[in-house]
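Peer 1: Structure provided below as structure tokens; questions to follow.
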Amino acid sequence: MPGFEVFGEEEKQQVLEVFDTGVLFRYEFGDQRKGVYKVREFEKAFATYTGTRHAQAVTSGTAALKVALTAMGVGIGDEVITQGFTFVATWEAILDIGAQPVFTEVDQTLNMDPDDLAKKITDKTKAIIPVHMLGAPARIHEIKAIADKHGIPVLEDTAQAAGARLNGQHLGTFGTCGTFSFDSVKTMTTGEGGMVITADETLWRNCSEYHDHGHDHTVNPGARGGEGRSFVGFNYRMMELQGAMGLAQLAKLDAMCDSQREHKAIFKETAAKIAGVTFREILDEKGDSATFFAFMLPDSEQAAKVNQVLRDNGAGAINFAENTWHFYPQWEHLLEGKTLCHNGWPFEAHGKRRFIYDPEMLPASSELMSRTLVYQIPVKLSDTQRETTLAALAKAALL
Ligand SMILES: *Cc1c(COP(=O)(O)O)cnc(C)c1O
């Protein structure tokens with residue numbers, strides 16, 4: 001999964017070009033920068049790569065979600081629907097703009113269940129965020145069709161799926177906008193960083209201005225400071241070193257996914273011999289970024305037994321039902337409404353609880369996650385890791 005596995009001369013060269021100018025900042029310093037605009041170049045390259053019109057670089061994937069939601073005009077009192085299996089960042093961004101996260105079940109894709117989505121839409125729903133978890137697509141066509149019927153925009157949280165496609169089209173380009181993360185463990189990394197992509201020029205302008213205190217980069221691209229502002233903003237600016245890293249990593253992204261697909265196929269072949277095993281539904285195997293390999297056992301007891309054998313043999317798998325960062329019932333701070341704010345915001349307003357979450361409200365997801373085991377797939381697979389993992393899977397097949 002992580003792009004840091006392939007850091008090399010390309011990254012070094014890109015970053016050195018920034019140091020040669022001494023300009024670490026994306027805006028201004030026109031005379032000094034000798035034409036070097038790494039963040040701007042990275043945005044252009046990312047938009048071209050994904051096949052969309054606009055890209056806005058920001059400081060993180062979480063910031064990308066918040067910038068996109070804000071640019072879409074979502075805020076206080078609105079409901080935003082996402083799935084109960086995701087990283088906490090997805091709903092942190094929703095809470096941070098004052099909206100309420102509403103969670104759907106996941107299905108065999110381990111992503112948003114469209115049938116459950118249809119049931120959770122209310123007249124307060126102002127955005128839908130399917131998450132392409134573990135590098136592979138949600139049922140984005142079905143989700144989009146339901147959203148379109150209600151006139152609700154779709155924001156694809158593509159943080160874990162840079163480089164993944166569905167029938168040739170990049171994830172993140174099906175909805176109104178898509179967001180990406182380039183943090184330390186993502187398929188391509190800039191250390192920290194994120195991106196919003198969209199084909200909608202107005203939405204992109206909103207992102208661009210909001211992420212930089214309201215500065216208008218289109219009318220006044222170089223010399224900032226004299227212009228007025230259309231609305232209040234914040235600072236989520238990416239720096240040039242990250243843009244440089246992004247250019248080097250983006251150029252390696254397809255090759256990284258290719259080698260992950262190869263490694264995943266090796267593990268899958270042996271895992272298929274485990275009694276009762278089934279696999280996560282991947283809507284397009286060729287477009288899979290293959291950052292993860294997920295397989296299911298018939299029930300949680302068998303999953304636990306299999307994982308015990310894998311662990312005993314040095315190749316334990318992740319069970320996201322036990323993981324405290326990615327699955328709804330494990331988010332005690334959300335369920336209990338824990339916040340630093342003295343008046344309880346964002347969980348409380350005017351002394352009243354705004355919403356209450358029941359840890360048992362996603363039974364289908366809980367059942368599915370409890371029997372799902374997941375391996376992270378490396379870009380570089382050492383002989384030792386391959387042999388250890390295959391031997392462990394072969395032992396599990398003897399159960
Ligand atoms: C990593 C991640 C994010 C947040 O990205 P950061 O760059 O770490 O802020 C958002 N959503 C999902 C699904 C993620 O995995």
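Peer 1: State yes or no: is residue 241 hydrophobic (A, V, I, L, M, F, W, C) and surrounded by fewer than 24 Cβ atoms within 10 Å (Cβ to Cβ)?
Peer 2: In short, yes.
Peer 1: Among the listed residues 166, 203, 155, identify the single one that is in the same structural domain as residue 88 (by TED's automatic domain parsing) and closer than 23 Å to residue 374 by Cα.
Peer 2: 166
To keep it simple, each residue is scored yes or no on (1) in the same structural domain as residue 32 (by TED's automatic domain parsing); (2) open to solvent by less than 60 Å² (accessible area, probe 1.4 Å); (3) free of Cβ contacts under 8 Å to residues at least 40 places away in the same chain; (4) within 26 Å of residue 60 (Cα to Cα).
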site	(1), (2), (3), (4)
220	yes, yes, yes, yes
229	yes, no, yes, yes
258	no, no, yes, yes
262	no, no, yes, no
266	no, yes, no, no
276	no, yes, yes, no
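Peer 1: With a cut-off of at least 1 residues that are away from the ligand (no atom under 16 Å from the Cβ), closer than 26 Å to residue 146 by Cα and in contact (Cβ under 8 Å) with a residue 40 or more places away in the chain, name the helices (runs of 4 or more DSSP H) lying wholly within the range 1-93.
Peer 2: 38-50, 61-71
Peer 1: Is the range 230-238 home to any residue that is of a type outside the set (Phe, Trp, Tyr), out of contact with any Gly (no Cβ under 7 Å at 6 or more places or on another chain) and assigned to a loop (DSSP other than H, G, I, E, B)?
Peer 2: Filtering the range 230-238 down to residues of a type outside the set (Phe, Trp, Tyr) leaves 230, 232-233, 235, 237-238.
In the following step, the residues that additionally are out of contact with any Gly (no Cβ under 7 Å at 6 or more places or on another chain) were identified as 235, 237.
Imposing the further condition that a residue be assigned to a loop (DSSP other than H, G, I, E, B) reduces the set to 237.
Taking every residue of the range 230-238 in turn, at least one turns out to be of a type outside the set (Phe, Trp, Tyr), out of contact with any Gly (no Cβ under 7 Å at 6 or more places or on another chain) and assigned to a loop (DSSP other than H, G, I, E, B).
Peer 1: State all residues of the range 1-56 that are closer than 16 Å to residue 245 by Cβ and aromatic (Phe, Trp, Tyr); if no residue qualifies, say none.
Peer 2: The answer is 4, 7, 19, 25, 37, 42, 46, 49.
Peer 1: A further question on this structure: Which one of 303, 321 is assigned to a helix (DSSP H, G or I), in contact with a strand residue (DSSP E or B) (Cβ under 8 Å, 6 or more places away or on another chain) and either open to solvent by less than 60 Å² (accessible area, probe 1.4 Å) or assigned by TED's automatic domain parsing to the domain that holds residue 93 (or both)?
Peer 2: 303
Peer 1: State whether the residues of the range 70-79 include one that is surrounded by 23 or more Cβ atoms within 10 Å (Cβ to Cβ) and in contact with a Ser or Thr (Cβ under 7 Å, 6 or more places away or on another chain).
Peer 2: Within the range 70-79, none of the residues are surrounded by 23 or more Cβ atoms within 10 Å (Cβ to Cβ) and in contact with a Ser or Thr (Cβ under 7 Å, 6 or more places away or on another chain).
The values are calculated or read from the model by the stated rules, or taken from the named source; none is laboratory data. Model, not experiment: these values are computed from the prediction. Glycine also receives a Cβ, built like all others from the backbone with ideal geometry; neighbour counts cover every protein chain displayed. What goes into the accessible areas is simple: the full protein's heavy atoms, side chains included, and nothing from ligands, DNA or RNA. Shrake-Rupley method; radii C 1.70, N 1.55, O 1.52, S 1.80 Å.
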